[in-house]
Amino acid sequence: MDFDNYILNIGKNSKAASRIMVTVSTTMKNNALLHMAESLIDNKETIIKANNKDMESGKKNNLSTAMLDRLMINQERIEKMAEGLRNVSTLPDPIGEGVKRWKRPNDLDISMVRVPLGVIGMIYESRPNVTVDAAALCIKAGNSIILRGGSEAINTNMALAKVIIKAATTVGLPYGCIQLIEMVDRELVNKLVKLNDYVDVIIPRGGKGLKKAIIANATVPVIETGSGICHIYVDADADLKMAEEIIVNAKTQRPGVCNAVETVLVHKDIAREFLPKLSKRLYGLGVEIRMCEKGLEIIEDAKVAVEEDWATEYLDLILSIKVVSTIEDAIDHIFKYGTKHSEAIITNNYTNSQKFLREVDASCVYVNASTRFTDGAEFGFGAEIGISNQKLHARGPMGLEQLTTTKYLIYGDGQVRK
């Protein structure tokens, strides 16, 4: 296989499609999304059959329970993907939206409007629902998308892509607006991230190794979706029952996702009352607890937390817990070990809540709520293409608006610069 020509043709097709996507009406984009949703439901048996192959391979290759959970597709998850497509179809079309407008003293009429980014290269691992979510958002925002999923999900991704591509083009979207790289050779990723003439931005979504490799090799601009070492700080003035419920939700609902909590920080004044109740609840749910030295004085049967634990995104039923003396200690710990994803404080102290919101540097900072809400659908975006921890070009859950850029439109009547 000639990798150079293969990836070059994909890039050319996407670039050609992106020129047409700029002109596609909102009605046609919405019709395509609805037809894609209907087609997913109609083809659910074929999709599940393909996923079964990937699941069998994953078990043979000893993928973790969390990874298998990310990989798994069933009827419920297909229905959720279809629901996501329908939700995106109901969202306002950002393309052409006027951001601001003003008139200069020389009567130049200047406006800033939203336009598509162009061609987006999406590189991701494990979660095949990204194939559909990413395509939906890119289509609605007027972009073309090149999808490159992980080898562990290749059969599922091929089945999903075949369904949504056929549905989109049947309605009238241009050939090439959605494409999947169907070969798993890593060399194709290296070529994609250097396709500057045809790709406008790369969005990696996966583990540290994937993102590190892409950032090191890419010449195309990258929007990095970050890992989630998320913290919950239980303040001295916390409602302890609320704190328990939030931590249990943030750790156990779906431990293999980036917005799950990995470290809990507990104020020393409430540690002796709170930790036994929390630990009992977590142990009952199969969570392994790794505790700091102060915490071990209270929960003696916990494992000892080592330095590496504070810097680990477990993506599993494992939780590290540290007892801290002050809110400043908690914020310092988050500053040192956090990944700027999602951080939460549980407190009834207004001053402390505002201090935490102001001083914690993360894309999403919560007061008295689970970090699990850092999600495009939960934020009302319909779906998300990823969660960005960086500060340029987007931060936090990336929905439609984050998949656009702006341009200036200037109207004159013969002005020349003097």
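No value in this document is a laboratory result; all are computed from the given coordinates. Note that the coordinates shown come from a computational prediction; the quantities given were computed from them, not determined experimentally. Using ideal geometry, Cβ is built from the backbone for each residue, glycine included, and neighbour counts are taken over all protein chains shown.
One table, with the values for the structure above:
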| item | result |
| --- | --- |
| Antiparallel %, DSSP beta bridges [both residues in the chain], to 5 | 30 percent |
| 5 angstrom amide H check on ILE145, placed H, neighbours 5+ away | ILE120, ILE178, GLN179 |
| Listed pairs LYS211/LYS303; LYS277/LYS303; LYS140/LYS191; LYS44/LYS211; LYS59/LYS280 exceeding 21 Å between Cα atoms | LYS211/LYS303; LYS140/LYS191; LYS44/LYS211; LYS59/LYS280 |
| Least to most buried among VAL199, VAL184, VAL324 (fewest other Cβ within 10 Å first) | VAL184, VAL324, VAL199 |
| Euclidean distance of C-alpha centroids, the stretch 207-268 and the stretch 1-79, integer Å | 26 Å |
| C-alpha long axis of helix 350-359 to longest principal axis of the chain, angle in ° | 50 degrees |
| Förster radius 35 Å - calculated FRET efficiency between ALA311 and GLU273, Cβ distance, rounded to 0.05 | 0.75 |
| Sorted by Cβ neighbour density within 10 Å, fewest at the top, the residues SER325, SER320, SER111, SER388 | SER325, SER111, SER388, SER320 |
| Residue exposure sequence - TYR233, TYR175 - by fewest surrounding Cβ within 10 Å | TYR175, TYR233 |
| FRET efficiency, 1/(1 + (r/R0)^6) with R0 35 Å, evaluated for THR405 and LEU285 via beta carbons | 0.20 |
| DSSP-assigned coil residues among GluC sites (Glu not before Pro) in the stretch 360-402, each with at most 14 further Cβ atoms within 10 Å | GLU378 |
| Global geometry of the stretch 230-373, whether rounded, prolate or oblate, following the gyration tensor of its Cα atoms and the 1.5 cut on a/c | rounded |
| Shape call, the stretch 114-164: gyration tensor on alpha carbons, a/c limit 1.5 | prolate |
| Ellipticity estimate at 222 nm from DSSP helix runs (n ≥ 4, -39,500 (n - 2.57)) divided over the chain, nearest 500 | -13500 deg cm²/dmol |
| Anisotropy class of the stretch 208-277 from Cα gyration tensor, a/c 1.5 cut | prolate |
| Stokes-Einstein translational diffusion, the stretch 286-332 - Kirkwood Rh over all Cα pairs, 1.306 mPa s, 10 °C, in µm²/s | 140 µm²/s |
| Average projected area [Cα convex hull, the chain], square nanometres | 24.1 nm² |
